[in-house]
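K.L.:
To start, I am sharing the structure in question, which I have written as C-alpha cells.
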Amino acid sequence: MNDRDLQEEVLRILPARKGHFRLESGHHGELWLDLELLCLRPDPIQRLAVKLATRLARHRVELVCGPLIEGAFVALMVAYELGVPFTYAERFADLQTDALYSVQYRLPRALREVVRGKRLAIVNDVINAGSAIRGTFADLKACGAEPVAVAALAVLGESAKKFAAEQKIAVKTLATLPNQIWPPSECPLCVRGIPLEDPLGSERKS
C-alpha cells in the first residue's frame, strides 16, 4: 500500500463532522472527530498501528506513552508492534478557566519512575491542536523521560509540526489533513453568529 492509499484509508475511517466546536485546547474549530467510535472495530486500527510502528522504529523508542482515552488504545497497539513497554497519561481538566491548553495530562504515580531516562514516543489517535501531546510531553519531561517523537494515525493542521519543531522531536503520521483552528477571540464562526455545538456535554476534545 502506497502513502496515498494509506492516507485515504485513515481518512475514510475517521468519524468526522462539521460544525462549530470548542476543542479541548480551548480553540474553536469547524471539524469534530467522534473518536470514541474509532476503535469500535479494532482490526483496521491494528493494521494501521503496524504501519505507524514501522515509521517509529528508527527512533530507537524504549517506551510508548499514550494519552487517555482513545489515544492510549492506539499507543498500546503500537507498543505491542514495537515490542516495548506501554504507559499512559491521565487527563485532568480545569473547568474554571478558559485559557488555551489548560488541560493537564499526568502519568499515574506507579509509572512515573518507570519512564525516567527512557526514550519515548507519545502516540495519539489524532492530533489537532495538540493539547493531549503537549500535556503528556510536559509530564514526561517532569518525570525525567526523553520524548523523541510524537505519532498519530492522522495529524490535522500545523500545530503538531510547530510543537515538534520547537521541542526538536520527530512527528510521524499516516495521514495529514489541512485544518484551521482559532482562539475564541479570533473565531470567524463566532463573528458570523454560528452557535457552538457541545457534542460531549461538559467535556472537551482535542
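The values are calculated or read from the model by the stated rules, or taken from the named source; none is laboratory data. Since we're looking at a predicted model, the values are computed, not measured. Heads up, the Cβs are rebuilt from the backbone with ideal geometry, glycines too, and the neighbour counts pull from every protein chain shown. Side chains included, ligands, DNA and RNA excluded: accessible areas come from the protein's heavy atoms. Shrake-Rupley method; radii C 1.70, N 1.55, O 1.52, S 1.80 Å.
K.L.:
Between beta-carbons, use under 12 Å as the cut-off and find the net charge around L11, counting Lys and Arg +1, Asp and Glu -1.
P.N.:
Overall, the nearby charge balance is -1.
K.L.:
Taking only the C-alpha atoms, wrap a convex hull around the chain and report its volume per residue in Å³ as a whole number.
P.N.:
Hull volume normalised by residue count: 119 Å³.
K.L.:
Amide H to amide H under 5 Å from Y88: which residues, 5+ apart in sequence or cross-chain, H placed 1.01 Å off N in plane?
P.N.:
Under 5 Å from the amide H of Y88 lie the amide H atoms of G66, each far enough along the sequence or on another chain.
K.L.:
Could you pull the accessible area for T54 with a 1.4 Å probe, rounded to 10 Å²?
P.N.:
Ignoring ligands and nucleic acids, T54 comes out at about 100 Å².
K.L.:
In degrees from 0 to 90, rounded to the nearest 10, what is the angle of the helix 3-13 Cα long axis to the longest principal axis of the chain?
P.N.:
So the helix axis and the longest Cα principal axis differ by about 60 degrees.
K.L.:
Further question on the same structure: Say the cut-off is 24 Å between C-alpha atoms; which of K18/K51; K51/K161; K18/K141 go over it?
P.N.:
K18/K51; K18/K141
K.L.:
Would you compute, from DSSP H runs of 4+ residues alone, the mean residue ellipticity of the chain at 222 nm, taking -39500 (n - 2.57) per run and dividing by the full residue count, rounded to the nearest 500?
P.N.:
Computed ellipticity for the chain at 222 nm equals -9500 deg cm²/dmol.
K.L.:
Quick test of your reading: applying the under-4.7 Å Cβ rule, which cysteines of the chain are isolated?
P.N.:
Within the chain, the cysteines lacking a partner Cβ under 4.7 Å are C39, C65, C143.
K.L.:
Then there is this: Can you compute the charge dipole magnitude of the chain about its Cα centre, using +1 on each Lys and Arg Cβ and -1 on each Asp and Glu Cβ, nothing else charged? Give it in debye, rounded to the nearest 20.
P.N.:
It comes to approximately 660 debye.
K.L.:
In percent, what relative contact order does the chain have, based on Cα pairs under 8 Å that are 6 or more apart in sequence?
P.N.:
Averaging sequence separation for qualifying contacts and normalising by length gives 25 percent for the chain.
K.L.:
Compute the accessible area per residue over the stretch 1-158, keeping the other protein chains in place, probe 1.4 Å, unit Å².
P.N.:
46 Å²
K.L.:
Kindly express, to the nearest 10 degrees and within the range 0 to 90, the angle between helix 42-56's C-alpha long axis and the longest C-alpha principal axis of the chain.
P.N.:
Between helix and principal axis, roughly 70 degrees.
K.L.:
Related question: Restricting the calculation to Cα positions, tell me the Rg (one decimal) and the Dmax (whole number) of the stretch 112-206 in Å.
P.N.:
When restricted to Cα atoms, the stretch 112-206 yields Rg and Dmax of 15.6, 50 Å.
K.L.:
Please pull out the direction-averaged projected area of the stretch 88-157, using the convex hull of its alpha-carbon atoms, in nm² to one decimal place.
P.N.:
5.0 nm²
K.L.:
Next question, about the same structure. Using only the heavy atoms of the protein chains and a 1.4 Å probe, how would D94, D43 rank by accessible area, largest first?
P.N.:
I get D43, D94, largest accessible area first.
K.L.:
Then there's this: Taking the Cα centroid of the stretch 100-143 and of the stretch 144-188, what is the distance between the two, rounded to the nearest whole Å?
P.N.:
14 Å
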